[in-house]
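Taking it in order: structure first as structure tokens, then the write-up.
Nothing in this text is a laboratory measurement; each read-out follows from the coordinates by a stated rule. If you're wondering where the values come from, they're calculated on a predicted model, not measured in any experiment. All Cβ positions, glycine included, derive from the backbone under ideal geometry; neighbour counts span all protein chains shown.
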Amino acid sequence: MLKNKIAVITGGARGIGFAIADKMAKNGADIAILDLCDDAAGKEACEKIASNGVKCSFYRCNVSDFAQSEEVVKQIITDFGRVDILVNNAGITRDKLTLAMTEADYDAVLNVNLKGTFNMIKHTYRQFAKNKYGKIINISSVVGLMGNAGQANYSASKAGVVGLTKTIAKELATRGINCNAIAPGFIGTHMTDEMTEAAQNEIKKSIPMAKIGTPEDVANLALFLASDMSSYITGEVIKVDGGLYM
Ligand code: NAP
């Protein structure tokens, strides 16, 4: 489905980002992963991805840093020639009730989840517009649509990603570029592993399908949105949440 395409995936060394990178590689795309992890972990992730018979390179990059992400995008374009698919997946949480949330907690989450997404779009925007082709996929969250006690920073960042997605979709719609968001519910990754078992069981009770999703559930939708099967879909926010929020 993605033969000869070049995909950039932020936070691609583990969790949902890795599953998306691996799924796209299995479908023929060459992959650049950006992550904060050390070179050994980045290399290990890349080796697994490249075992699908595609090219994969790891770039250590903090997406919340405007200048650093600009340099890395330039390097990727030098190394791969262009970018066809951008997946803004890197994200963090710093959960606390608003009463206890510090300014630093708020800023850290907004800087990675929302500003990081903006930075990556900003630095690839011109080449997408010039090439008249592109698939931008932003990972939001159901929490950005429904709110969640203890996640003022996270839900605000993910709601911001929805607004950013729709704006970019409108700006680039006539240039052959699709920009959509995925809003996962609870997906089993390092991020959710940090929750207690009791909290996870409580969550399952609120999910109509009564189970936590897998990174592959999200990757399947990302593959569809990255492919030309979704050519007439833009500015959408699609949930992958087992019916949690409907
Ligand atoms: P994860 O397992 O924690 O993976 C996130 C990845 O992003 C990590 O590899 C992390 O690197 C990287 N990262 C963090 N900050 C970064 C930065 N500033 N620059 C570059 N890379 C950075 O999380 P996940 O569960 O796979 O989540 C992926 C995305 O899905 C996030 O945007 C998250 O908000 C969203 N999401 C997840 C769930 C869920 O239930 N898991 C639900 C809804 C939405 P390090 O580990 O090296 O720091």
Subject >> Separation in nanometres of the label points that stand 7 Å from Cα toward Cβ, at T214 and A50 >> reply: 2.7
Original post:
Roughly how many whole Å is it from the C-alpha centroid of the range 45-94 to that of the range 108-138?
Top reply: 12
Original post:
Taking +1 at the Cβ of each Lys and Arg and -1 at the Cβ of each Asp and Glu, which of I31, T192, M146 sits farthest along the dipole of the chain towards its positive end, judged by Cα position relative to the Cα centre?
Top reply: I31
**OP:** Could you pull out every one of the lysines with an alpha carbon less than 21 Å from that of K74, ignoring same-chain neighbours closer than 8 positions?
**Re:** K5, K43, K55, K115, K122, K130, K132, K135
Original post:
Which peptide among 182-189, 126-133, 233-240, 9-16 comes first, and what is the full order, when sorted by highest mean count of other Cβ atoms within 10 Å?
Top reply: 9-16, 182-189, 233-240, 126-133
**OP:** For each cysteine in the chain, check whether another cysteine's C-beta sits under 4.7 Å from its C-beta; list those where none does.
**Re:** C37, C61, C179
Original post:
How far is helix 152-172 tilted off the main Cα axis of the chain, in degrees rounded to 10, range 0 to 90?
Top reply: 30
Subject >> Label point distance in nm, A199-N131, each placed 7 Å from Cα along Cα→Cβ >> reply: 3.9
